[in-house]
Amino acid sequence: MRAVSRTVACALALAGLVAGCGSRQAQVSAPTPAQAAKALAGSPAPLAALHAQANELLDGGAHAFQARLRSLRGRPVIVNKWASWCGPCRFEFPWFQQTSVRFGRQVAFVGIDGGDTGANARAFLRTRWLSYPSYADPHEQISRTLDAPNNYPITVYLDRAGKIAFVHQGQYRDEAALVADVRRYALRS
């Protein structure tokens, strides 16, 4: 009986954590477009091209996405797969806003908006500015090119040669965990 009570208590605690993680918003002050522009000024050309498309939702599918990745070879790339309807994605979004500006002169950040509608994603981005573009992926075709699982959020780290170095499944628990992975998987080489 005692083991059953512990199991039930653990299950309830886990359910509470899972339910709560999507309903809260991280308490982080996102940089303004002007602050980001100042911080990212002088970025190398391939990264400056990303910054020039800040906060845009790009079409073109897997072909356009793969062409972008080829243009970024020689630089580490962090791909964050998100969706406007995804609670955990919303929770960690402010950390990507901050971290992409903090490391954006050294690391390429690219988003994939998966399983979403363009209208919902654009409405979401109007209230949450990013220093990099995202590619529309309503049918998960782009995600499949990275062998990214269909759950959300997913963060894929590509090394300078364009090979997958690490895949972080699920939301980051805090900004420090994201920064640690950026340092470990993007800046290590």
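Tabulated results
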item	result
Segment 97-107, subset out of contact with any helix residue (DSSP H, G or I) (no Cβ under 7 Å at 6 or more places or on another chain) and in a helix (DSSP H, G or I), residue surrounded by the most Cβ atoms within 10 Å (Cβ to Cβ)	Ser100
Failed criterion for Ala39 (all others in (1) in contact with a helix residue (DSSP H, G or I) (Cβ under 9 Å, 6 or more places away or on another chain); (2) modelled with pLDDT under 95; (3) closer than 28 Å to Gly118 by Cα hold)	(3)
When residues of segment 59-80 are limited to those that are under 18 Å from Asp159 (Cβ atoms) and of a type in the set (D, E, K, R), the one surrounded by the fewest Cβ atoms within 10 Å (Cβ to Cβ)	Arg70
Residue count, segment 24-58 (criterion: surrounded by 13 or more Cβ atoms within 10 Å (Cβ to Cβ), among the hydrophobic types (A, V, I, L, M, F, W, C) and not in a loop (DSSP other than H, G, I, E, B))	10
Residue match in segment 120-132 (condition: under 16 Å from Pro76 (Cα atoms), among the basic types (Lys, Arg), modelled with pLDDT of 95 or more and more than 12 Å from the chain's Cα centre (by Cα))	no
Hits in segment 108-147 - residues which are of a type in the set (D, E, K, R) and more than 19 Å from Gln98 (Cβ to Cβ)	Asp113, Asp116, Arg122, Asp137, Glu140, Arg144, Asp147
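The values are calculated or read from the model by the stated rules, or taken from the named source; none is laboratory data. Everything numeric in this text was worked out from a predicted model, so none of it was measured. Cβ sites come from the backbone with ideal geometry, for glycine too, and all protein chains shown count toward neighbours.
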